[in-house]
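Here the structure comes first, spelled out in structure tokens, and everything after it is commentary.
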Amino acid sequence: MSYLFEPVTIGSITLKNRIVFAPASMGRDALSWYEKLARGGCGMIILADLSVVPSLFGAPGLGSMQYADHFRQIIKICHTYDCKVSAQLFHPEYDIRLIRELYQTLGQTDPQKVRQALNDSIETFCDTLTPERIHEILHDFELAARRAECLGFDMIQIHGDRLAGSFTSPVFNHRTDDYHTFWQFPEEMVRAVRTGALHIPIDYKLTIRTEDPAYGRGGISMDQVPEFVRRLERCGIDSFHVSLANHTATGDTIPMANHPYFTGEACFSRLALEVSRHTAKPVCCVGKIQSPEAAEELCRGGISLIGMCRQLIADPKWPNKVFENRTDEILRCLYCNRACVGALKGGRGVSCILHTNEEETL
């Protein structure tokens, strides 16, 4: 492969190749998975959903230094294999203070009421935030970024969905102040992260709504891409990670093999290619990328980074096998979502139905 295994530079760091483990919550066996992925040859791993405030359910985050040793261990393991590590920062798209209070009082007796309150809050949270509360959240991003840099993360990815996705979408944002625009909150979020982390690159997970057909509720529209990219570049963004907007069905953002629209390999590639037309910064493409040929074609077409998740869960050795011309040995993802996405929904650790025994992933 003439492009896939070329080093690529993002800001102040250089990845050994263009293969990125896209952000995904890995469950209780995360350390083991990150070791397999790093040893398998990928150039960077993005740790998903690290909240800038204490998590509702106690998941590791950067709202404090509570999980500092956990993150240092992951970084040390990955660096052993020359694999970079990025922290994906986000703020929930709902009122976590309210939901935490309800969860503490009703979580055991009436979980459905808590779930309904959470869903209702998602619909209104963006509109009801006071400017003072927004500034508090931005300060939380700054502090979390400072912690990430202090812990030794190589890069920070700002999650452009979740709360940011609400601010960028007219489905959720009906404000009449400065934050009514699709760019104001993301711009301030980028500046806050840059203030907290002065020396490492910042990536933005740019999520896009499609209109024909209509998929996604948060995020920007395709026709807003040029201005959005230009504005974030001016604020200091070093790269873009492009995907379909969320606030919608998991089956769309993580499409199965039989999805009615997002079929075939690189099913979100038109979104990433559109972003790449408006920036010289590295752009990462995701979406059911499986074969070396498809990854190489994307690189030849102007995509700088190949984001893979389910395929690397199916076979963490994919990068090394491709590099060593052992592609006939690759375990190819079925995109069934049963033991990966389905396991997380059921509170179990991530696995893959292709793994008949543990040795297949070691």
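Annotations
- Computed from label points 7 Å out along Cα-Cβ, the spacing between LYS113 and ASN320 is 5.3 nm.
- Rg(Cα)/(2.2 N^0.38 Å) for the stretch 1-81, N = residue count: 1.20
- Antiparallel content of DSSP bridges confined to the chain, in %, to 5: 15
- Springs between Cα atoms under 10 Å define the GNM used for the chain, and in it the highest mean-square fluctuation of GLN290, GLN66, GLN157 occurs at GLN66.
- Here's the list of lysines a cross-link from LYS84 could span, going by alpha-carbon distance under 29 Å and ignoring same-chain residues fewer than 8 apart: LYS16, LYS36, LYS76, LYS205, LYS281, LYS288, LYS317, LYS321, LYS345.
- With the charge dipole of the chain set up from +1 on Lys and Arg Cβ and -1 on Asp and Glu Cβ about the Cα centre, the Cα lying farthest toward the positive end among the listed residues PRO131, LEU232, ASN337 is that of ASN337.
- Listed by Cβ neighbour count within 10 Å, with the fewest neighbours leading, HIS135, HIS278, HIS199 appear as HIS199, HIS135, HIS278.
- Rough spin-label spacing in nm, given labels placed 7 Å along Cα→Cβ, for ALA343 and LEU198: 4.3
- Gyration tensor (Cα) of the stretch 1-146, equivalent ellipsoid semi-axes in angstrom: 34, 18, 14
- Model label zone, THR176; criterion: amide N under 16 Å from point 7 Å along Cα-to-beta-carbon; scope the stretch 115-155: 127-131
- Evaluating kT/(6 pi eta Rh) at 10 °C and 1.306 mPa s, with the Kirkwood radius of the chain over Cα pairs in the Stokes-Einstein relation, gives 77 µm² s⁻¹.
- Full extension of the chain segment joining GLU101 with CYS336 gains 81.0 nm, where the gain is 0.36 nm per residue of separation less the Cα-Cα distance.
- THR130-ASP212 FRET efficiency (beta carbon distance; Förster radius 45 Å; 0.05 resolution): 0.80
- Order of LEU354, LEU305, LEU31 under a 10 Å beta carbon neighbour criterion, fewest first: LEU31, LEU354, LEU305
- Residue of ILE237, ILE306, ILE13 that the Gaussian network model of the chain assigns the largest fluctuation, springs spanning Cα pairs under 10 Å: ILE13
Laboratory data are not the source of any read-out in this text; all were calculated from the coordinates shown. Predicted, not measured: the structure shown is a model, and the values here were computed from it. Every residue, glycine as well, gets a Cβ built from its backbone with ideal geometry; the counts of neighbours run over all protein chains shown.
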